[in-house]
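K.L.:
Have a look at this one before I ask anything.
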Amino acid sequence: MADETYDAIVIGGGAKGLITAMYLAKYGGMDVAIFERRHEAGGGWCTDEMAAPGFLADYHCNAVRPHYHLPTERDFPEWTGEYRQMTKHIDGHLGIGAIFKEDHSSIIAYGLKDDPTQERTAKSISEFSPRDGETWMEKVLDLIGVFTPVFAEWALNPPVPPGELDVLDRLMVDPKFDPSWAGKSLIGVLRDLFESEALIAMLVRAALSGGRPAGMPGLGVLQLMWTLGIALQLQNVRGGTHNYAHAAVKIFLANGGKMFTRHPIEKVTIENGTATGVRLTDGTEVKARKLVLSTLDPYSLCFRLIGRDYFNGQLLRRVEHLERRIACIAWYTWALKDPPDYAAAVSNPDLNDVDAICLISKDPEATLRETNLRMAGIMPSQLQLACFGAGATDKTRVPEGKTSLMTEQFVLPANCLSEEQWLEFKKSHAEAVIKHWQEFAPNMNWDNVIGYASITPYDVARSLPNMAPEGNWAVIDNIPGQIGKFRPIPELARHKTPIKNLYATGSAWHPVGCGAAWQGYNCYKIIADDLGLGKPWEGLPW
């Protein structure tokens, strides 16, 4: 392309960059260009026909919560209007359940849509502990009532400046909470609330799906919020999460934005400490009148796009040593002739319709041991498997009369094994999953499998460089010191860099890594304050 000039240049057309670009174009009135190295925009919003012909699989962001896109739904009427078929949610059917390998007993935490009073959930829990059933009825809906506005205020506003208390800090002085929870792990908080190890085991495994280990001190309250959201408010995107990318691109282009795919950026151009544009890998230089926005991971931002000379030593050390080993996952999408028929469904037929089911041990420490093994560089041999059923509830993802499910097992980072070892693992893990699955559902044999798509950290690191070299689902891990106002590091948390007019966002920014609109929206808020741009949120809590 010839040399050009725009008001704003966005490096990367992933989920967060698309959201910020939408706001810059519509509410900032800017001439905005996105430069994306891949053949299409979307980043982690990615869906492909993978397991077998006609079967669609999300291979990164694969589920949503009701609060993921509150700003876009409010500020872009076309998001839920003209493009509704691209952004339509399908509610999870029956929440989350667990079948325990020791005796095939089970628990179901029914979703709020199917069980608004949570009486069915309490009845299921009471089979293990009547007291826990009562506790669930007495406390869970109250906790959700407290958590929902708190989480929205926290996630949908930029992080507070260093030294200030945020809404999560203030929550800990709420009389509903034991102040010791602030320093506890999720398993510690759950053991304060419940006596049944089986119930705790289910909630601990559900929490791991958010990429946050349940045994890590200081995460208990945030983990409890997230886990109840997973258990009770699961949703999927009709036709796959890549439909979000289609809607976002259409809105961006309709507001005058320019999209350039297969245009990788090599460097940010800097003059007198100010970002003035970018240089593409082919040598083309593109100028930015007002700002440059990076959506790359912190390491690529500091060490590749900018360079060491612009940062102090402590900042560089913090970025270099960000933790990225924990949220590494083997996600396999299975094209099936028939859905699993769980043996435990004889006593509770609802198990065959649960959207997310954990096939695990009653011992909650089993999931913690799995995490500890992985942190020690050892591939877990005992599966703590979770199965998700987007293809069972969304018939647009599968051929008529067929179904598909995704299995999730946390594994080693991509850079712990060689390419040859990962290719062997992709086959051996498939065998291990079928063997494990068949212990719970006898019809889950290879005769029932039409095909499968194996996405491992190795595949993630190759397809989404933001998540390399570990292949980390959250880019950086969601752990204390790397969430909220500290994410990715305090010096970069408010979307600004030491370079004037150079901003940064992405899943490695506040509040946590996931496929929501939050980071892109919050980044625009910071830019709008700096440059006096339009603020559709004025007068609102977020």
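Derivation of every value follows stated rules applied to the coordinates shown; laboratory data play no part. Quantities reported herein were computed from a predicted structural model and do not represent experimental measurements. Quick reminder, even Gly has a Cβ in these numbers, built from the backbone with ideal geometry, and neighbours come from all protein chains shown.
K.L.:
Computed FRET efficiency, Cβ-Cβ of Arg462 and Ala182, R0 45 Å: what is it to the nearest 0.05?
P.N.:
Values: r = 40 Å, r/R0 = 0.88.
With R0 = 45 Å, the Cβ-Cβ based efficiency is 0.70.
K.L.:
So how do 243-250, 126-133 stack up, highest first, on mean other-Cβ count within 10 Å?
P.N.:
Sorting 243-250, 126-133 by mean packing, highest first, produces 243-250, 126-133.
K.L.:
While we're here: Here are some pairs, Lys267/Lys535; Lys26/Lys88; Lys26/Lys500; Lys123/Lys176; which of them have Cα atoms lying more than 29 Å apart in this structure?
P.N.:
Lys267/Lys535
K.L.:
Shifting gears a bit: If I take R0 = 56 Å and measure r between the Cβ atoms of Leu316 and Ser347 in this structure, what FRET efficiency does the formula 1/(1 + (r/R0)^6) give, to the nearest 0.05?
P.N.:
Working: r = 57 Å, r/R0 = 1.02.
Computed FRET efficiency for Leu316 and Ser347: 0.45.
K.L.:
Here's something else I'd like to know. May I ask you to compute the full-extension gain from Asp338 to Glu134, defined as 0.36 nm times their residue separation minus their alpha-carbon distance, rounded to one decimal in nm?
P.N.:
Extra length available between Asp338 and Glu134 comes to 69.7 nm.
K.L.:
Pulled fully out, how much extra length does the chain show between Lys287 and Asn445, if you take 0.36 nm times their separation in residues and subtract their Cα-Cα distance? Before the final figure, lay out the partial values.
P.N.:
Working: separation 158, 0.36 × 158 = 56.88 nm, distance 5.73 nm.
Using 0.36 nm per residue and subtracting the Cα-Cα distance, I get 51.1 nm.
K.L.:
Rounded to the nearest 5, what % of DSSP beta bridges with both residues in the chain are antiparallel?
P.N.:
Of the beta bridges lying entirely in the chain, close to 65 percent run antiparallel.
K.L.:
Applying the Karplus parametrisation 6.51 cos²θ - 1.76 cosθ + 1.60 with θ = phi - 60° to the phi angles of region 169-178, what ³J(HN,Hα) value in whole Hz is obtained for each residue in order, glycine and proline being reported as x?
P.N.:
4, 5, 4, 5, 9, 5, x, 6, 10, 6
K.L.:
Explain nothing, just the number: relative contact order of region 12-66, from Cα pairs under 8 Å at least 6 residues apart, as a whole percent.
P.N.:
Answer for region 12-66 is 31 percent.
K.L.:
With the cut-off at 1.5 for a/c, could you classify the chain from its C-alpha gyration tensor as rounded, prolate or oblate?
P.N.:
prolate
K.L.:
Mind ranking 199-209, 136-146, 289-299, 329-339 by how tightly packed they are, going by the mean number of other C-beta atoms within 10 angstrom, highest first?
P.N.:
My ranking of the peptides, most packed first, is 199-209, 289-299, 329-339, 136-146.
K.L.:
Could I ask something else about it? What order do you get for 57-65, 165-173, 532-540, 216-224 when each peptide is scored by the mean count of other beta carbon atoms within 10 Å, highest first?
P.N.:
57-65, 216-224, 165-173, 532-540
K.L.:
To the nearest 0.05, how large is the calculated FRET efficiency for Glu266 and Lys435 if R₀ is 35 Å and r is the Cβ-Cβ distance?
P.N.:
Using R0 = 35 Å, I get an efficiency of 0.15.
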